[in-house]
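Below: the structure, in structure tokens.
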Amino acid sequence: MDLPPVGLGTMGIDDPAVVVTAVETGYRHLDTAQIYDNEGVVGDGIAAADTDRDDLTVATKLWIDSLAGDDVRPGVETSLERLGLDSVDLLYVHRPRGDYNPATTLPALDAVLEAGLTDHVGLSNFSPEQLATARDHLDAPIAAHQVEFHPFFWQQSLLEDAQRHGYPLVAYSPLAGGQVFDDSVIQTVAEQYETTPAAVAIAWVTAHENVVTIPKASSRAHLEANLAAADLELDAETIERISSIEREEELFPE
């Protein structure tokens with residue numbers, strides 16, 4: 001998929017006005033999930049925004065209790081009803097857990113795609129081995145893989161898989177839950193570039209080939225700043241300096 005460098009992650013957003021503001025600001029990739037319990041909020045925001053639906057990439061994710069083969073289509077239909085949409089552009093398996101079985105879940109996703117309820121199928125929080133197994137059972141190409149990816153936690157093997165197979169790695173939590181604001185390396189880089197630690201973190205994420213990101217923000221100022229951060233160009237030495245931070249902070253382990 002051809003996704004913009006920065007989209008909107010909506011976990012925790014409970015006001016449709018935030019989605020409207022994001023779209024007005026220029027966001028064209030909106031990401032939600034069943035487990036966020038806000039598909040209706042996102043749908044209301046899409047309906048209220050003065051933007052053609054065809055200009056938006058809307059993504060949602062099936063939670064682990066909607067992954068049994070017979071539950072996939074009903075789960076998708078429930079999400080579509082909440083969103084107020086006939087289809088989504090991107091449908092993910094949120095995590096390969098619970099009722100997930102590649103031999104039954106993934107053919108059911110192929111059937112949902114063939115029925116026109118989604119345009120693309122994605123995966124989220126998979127290991128390289130699980131991605132390889134998925135390819136054995138999924139007729140559709142893996143359109144995107146969404147994973148935790150920020151200066152304190154990123155997996156080279158997943159980045160390489162995305163680059164090798166030519167799909168976008170969609171980075172969630174690029175600000176590491178706010179921890180980038182307190183890191184001395186990132187603070188120093190921000191001072192050097194006369195910008196913010198948030199902008200540095202987003203620029204570092206999007207500097208990687210095949211990587212886009214979906215930071216969450218609620219205020220217009222933060223929405224605008226996150227969108228603009230993708231235009232910040234860090235030099236190769238700075239990118240390597242951030243990549244070499246000796247710290248591991250995985251926010252959402254299995």
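Read-outs throughout are calculated quantities, based only on the coordinates presented, and are distinct from any laboratory measurement. Since the model is a prediction, treat every value here as computed from it, not as a measurement. Positions of Cβ are generated from backbone atoms using ideal geometry, with glycine treated the same way; all protein chains shown enter the neighbour counts.
For the pair Ala132 and Glu191, the difference between a 0.36 nm per residue extended length and the Cα-Cα distance amounts to 17.0 nm. Using every pair of separate Cα atoms, the Kirkwood estimate puts the hydrodynamic radius of the chain at 18.4 angstrom. Residues whose amide H falls under 5 Å from that of Phe153, counting only those 5 or more places apart or on a different chain, are Glu249, with hydrogens built in the peptide plane. Please compute the modelled spin-label separation between Thr25 and Arg247, points set 7 Å along Cα→Cβ, answer in nm with one decimal. Here the answer is 2.4 nm between the modelled labels. For the chain, a Gaussian network of Cα nodes joined below 10 Å ranks Leu30, Leu169, Leu232 by mean-square fluctuation, and the top entry is Leu232. Along the positive direction of the dipole of the chain (beta-carbon charges: Lys, Arg +1; Asp, Glu -1; about the Cα centre), which of Leu232, Ser127, Ala49 reaches farthest? After comparing all options, I get Ser127.
Shown for Val41, Val170: other C-beta atoms within 10 Å of each C-beta, ranked fewest to most, produce the order Val41, Val170. Derived scalar couplings between HN and Hα for region 106-121 equal 6, x, 5, 5, 4, 5, 5, 5, 5, 7, x, 7, 8, 8, 8, 10 Hz in order, rounded to whole Hz, by the Karplus curve 6.51 cos²θ - 1.76 cosθ + 1.60 (θ = phi - 60°), x for Gly and Pro. Taking the chain as a Gaussian network of alpha-carbon nodes connected by springs under 10 Å, the highest mean-square fluctuation of the residues Ala171, Ala48, Ala199 belongs to Ala48. Each of Ala103, Thr188, Val170 was placed along the dipole of the chain (beta-carbon charges, centred on the mean Cα), and the one lying farthest toward the positive end is Ala103.
Residues considered: Arg28, Arg95, Arg220. Largest GNM mean-square fluctuation over the chain, using C-alpha springs under 10 Å, is found at Arg220.
The dipole here belongs to region 213-254: it is taken about the Cα centre, uses +1 on the Cβ of Lys and Arg and -1 on the Cβ of Asp and Glu, and is about 340 debye.
Relative to the Cα centre, the charge distribution of the chain, modelled as +1 at Lys and Arg Cβ and -1 at Asp and Glu Cβ, gives a dipole magnitude of about 180 debye. Computed extension length for Met11-Thr78: 22.3 nm, one decimal, from 0.36 nm per residue of separation with the Cα-Cα distance subtracted.
Sort out for me the Cα centre separation of region 28-101 from region 177-254, rounded to whole Å. Comparing the Cα centres of region 28-101 and region 177-254, I get a distance of 27 Å.
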